[in-house]
Amino acid sequence: KMAAAAGGGVAAAALWSEVNRCGQNGDFARALKSVNKILQISKDDVTALQCKVVCLIQNGNFKEALGVINTHTKVLTSDIIAFEKAYCEYRLNRIENALKTIQSASQQTDKLKELYGQVLYRLECYDDCLAAYRDLIRNSQDEYEEERKTNLSAVVAAQSTWEKVMPEDLGLQEATYELCYNSACALIGQGKLNEAMKKLQKAEELCRQSLSEDSDVTEEDIEAELAIIHGQMAYIMQLQDRTEDALQLYNQIIKLKPTDVGLLAVIANNIITINKDQNVFDSKKKVKLTNAEGVEHKLSKKQLQAIEFNKALLAMYTNQADQCRKLSAGLQTQSPEHLLPVLIQAAQLCREKQHAKAVGLLQDFADQHPANAAEIKLTMAQLKIAQGSVTKACMILRSIEELQHKPGMVSALVTMYSHEEDIDSAIEVFTQAIQWYQQFQARTNYGCCVFQPKSPVHLSLIREAANFKLKHGRKKEAISDLEELWKQNPKGVHTLAQLISAYSLVDPEKAKVLSKHLPSSDTMSLKVDVDALENSHGATYVRKKAGKLAGDNQQKEQGQGDVKKKKKKKKGKLPKNYDPKVTPDPERWLPMRERSYYRGRKKGKKKDQVGKGTQGSTTAGSSELDASRTASSPPTSPRPGSAAVVSATSNVIPPRHQKPAGAPATKKKQQQKKKKGAKGGW
């Protein structure tokens with residue numbers, strides 16, 4: 001036995017030296033084999049068990065490492081192995097367990113504090129996380145200071161983005177692209193988009209510089225590292241309504257196929273929001289990227305919630321009613337007080353023409369969550385208006401107490417009641433709003449006896465009420481409002497004029513008394529630049545017209561001046577065969593039958609000779625029968641471009657006297673009529 005023990009000790013020493021050498025070389029797989037051999041010799045060796053856990057962690061076997069820790073709890077106590085256990089739980093996304101393990105450790109080492117900050121960030125406890133990193137930066141001096149500052153800036157950016165907290169100036173020098181990127185994210189949270197874009201451009205430049213220094217880094221590696229920066233740039237473009245540019249940049253990032261599933265999920269979600277109810281096929285493809293494994297561990301709760309909302313809306317747009325209801329119901333279970341799930345359900349019901357059910361669903365939510373009742377009731381009113389129930393919509397709007405007195409709500413209600421010709425209800429809306437402001441002013445000025453002017457909003461409501469009443473003939477009711485306005489501003493001439501006009505129909509004597517307060521025409525000074533008014537665009541036409549009338553009067557009085565230009569008459573069109581050398585026929589305006597030289601139509605001569613003789617032959621004496629060659633018949637009109645020589649002494653009838661060659665045209669018309677009537681088809 002002693003010999004065996006001695007032999008085991010020599011073997012263990014050799015194995016420990018092998019473990020040490022492999023650990024220094026970073027060959028943890030080989031070191032693990034040596035550690036296992038040591039544990040075969042001594043299964044409860046604390047150092048060997050610790051080395052085994054470290055080797056498994058270095059090889060990425062976090063689940064197996066945690067199993068070793070939980071199996072040997074008696075040997076590996078929390079004081080010895082607290083950091084390794086918490087780190088395994090953190091890497092396995094068991095964040096709550098990791099927090100408990102860190103908090104239960106008896107001694108808070110620097111390693112545990114670093115991990116504690118990471119755990120708090122993942123749990124979105126940003127205030128505690130900020131305090132933890134500040135403490136680390138203050139009490140640490142090593143080569144990891146830059147990484148801690150980067151993490152600190154990431155916490156500030158998260159606060160600005162998700163909690164809308166105004167970030168404080170940490171005084172960090174933005175020497176790295178990570179710090180520039182986090183600073184840009186903080187600016188986006190504040191809505192400073194242009195400044196954020198400049199920061200991202202600087203971050204891109206720094207990233208290219210730092211990565212190009214390494215000869216082993218390729219251009220593809222640089223583009224992959226820049227993907228998150230470009231994604232944030234595209235998001236800013238989307239917020240600035242530059243959707244085409246944003247969409248182009250998003251698609252470029254997807255083509256690179258980055259390994260970060262969180263980045264791909266965010267980009268896919270943003271593309272879906274751009275598509276909305278259009279390009280649904282593309283949205284269906286993109287939504288698959290949001291379902292990738294591990295996405296839920298890469299994104300914040302609000303990001304995941306936004307993705308789920310968009311999934312529900314996409315299901316609604318693609319007419320997947322059951323899927324839409326399932327997703328929205330799940331969201332409502334997760335966030336009972338959130339508005340969007342119930343609004344999506346109501347929208348789906350409206351698409352199914354179940355408006356009454358949608359209104360009932362919204363009413364139930366408003367009753368259960370009074371804090372969010374205002375927005376829900378606005379949606380209910382919109383649904384009632386869409387159904388044509390304007391009066392019911394008005395009743396719903398008037399039930400929103402916190403908005404009753406708002407000028408926008410008063411204006412909407414008055415417009416709707418006017419559309420329904422319910423003038424009394426419209427006036428009642430004005431009255432209630434004015435009374436609310438009077439009560440509010442009374443509460444504000446409690447115990448004050450001096451005259452207090454009314455607020456601009458209050459006076460504006462009184463004036464609108466008075467104008468509305470005057471427009472609809474309620475002059476008696478308008479008088480009290482006008483008197484209140486005049487009391488607030490005794491120098492208001494317009495208000496006084498309205499008051500006198502209203503009293504003139506109700507109490508003429510009172511109107512006369514009030515008219516004495518009107519300023520006289522002598523005291524009224526109109527500060528008008530006459531020259532500027534005359535040279536304005538609107539006065540140009542009037543000035544020209546007045547000048548023209550003055551010029552006409554001068555011509556009539558003095559008998560001098562330029563004569564009015566006569567309108568030029570257009571020259572009449574002459575016939576194509578017009579000859580200026582021939583005297584026009586004085587009877588050319590008379591019908592042909594009424595002219596002195598008309599001889600009537602000779603019937604039958606040509607008809608009798610048609611078809612006699614061989615084809616193409618001419619009959620004897622055809623020249624004698626040719627009426628165009630007789631002296632009494634007019635010659636044919638000359639063709640355009642040909643010279644027509646006519647003797648001055650001949651008795652030839654001028655061209656205007658010719659008989660119109662209408663026969664061929666009439667034949668053609670008859671043939672056309674026959675063709676039109678002969679429709680039948682082959």
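Bear in mind these aren't lab numbers, they're just calculated from the coordinates by the rules spelled out. These figures come from a predicted structure and were not determined experimentally. Because the Cβ atoms are built from the backbone with ideal geometry, glycine has one as well, and the counts that use them run over all protein chains shown.
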Problem - Residue-span extension gain [H537 to V457] - 0.36 nm each, minus C-alpha spacing - result: 25.1 nm
Problem - Gain on full stretching of the segment that runs from L123 to K516 - 0.36 nm per residue minus C-alpha separation - result: 133.9 nm
Problem - Net length gained if the chain between S215 and N93 were fully extended (0.36 nm per residue, minus Cα distance) - result: 40.4 nm
Problem - Global form of region 164-259, assessed from the alpha-carbon gyration tensor, a/c cut-off 1.5 - result: oblate
Problem - FRET efficiency, Q240 to Q141 (Cβ-Cβ, R0 60 Å, nearest 0.05) - result: 0.90
Completion exercise
One finds, for K192 and E64 with R0 = 60 angstrom and r their Cβ-Cβ distance, a FRET efficiency to the nearest 0.05 of 0.80
Exercise for the section: Over region 296-362, consider all pairs of different Cα atoms and compute the Kirkwood hydrodynamic radius from their mean reciprocal separation; express it in Å, one decimal. Expected result: 12.1
Practice task
Give K199/K255; K164/K302; K164/K298; K276/K392 a once-over and call out the pairs whose C-alpha atoms are over 23 Å from each other.
Solution key: K199/K255; K276/K392
Practice task
Based solely on C-alpha atoms, express the radius of gyration and the Dmax of region 1-140 in angstrom.
Solution key: 17.7, 62
Problem - Computed FRET value (nearest 0.05) for T71 with Q173, which takes r as the C-beta separation and R₀ as 35 Å - result: 0.15
Practice task
Please work out whether region 313-399 counts as rounded, prolate or oblate from its C-alpha gyration tensor, where a ≥ b ≥ c are the square roots of the eigenvalues and a/c under 1.5 means rounded, while otherwise a/b larger than b/c means prolate and anything else oblate?
Solution key: oblate
Exercise for the section: Give me D for region 380-446 in µm² s⁻¹, whole number, from Stokes-Einstein with Rh from the Kirkwood sum over alpha-carbon pairs, 10 °C and 1.306 mPa s. Expected result: 127
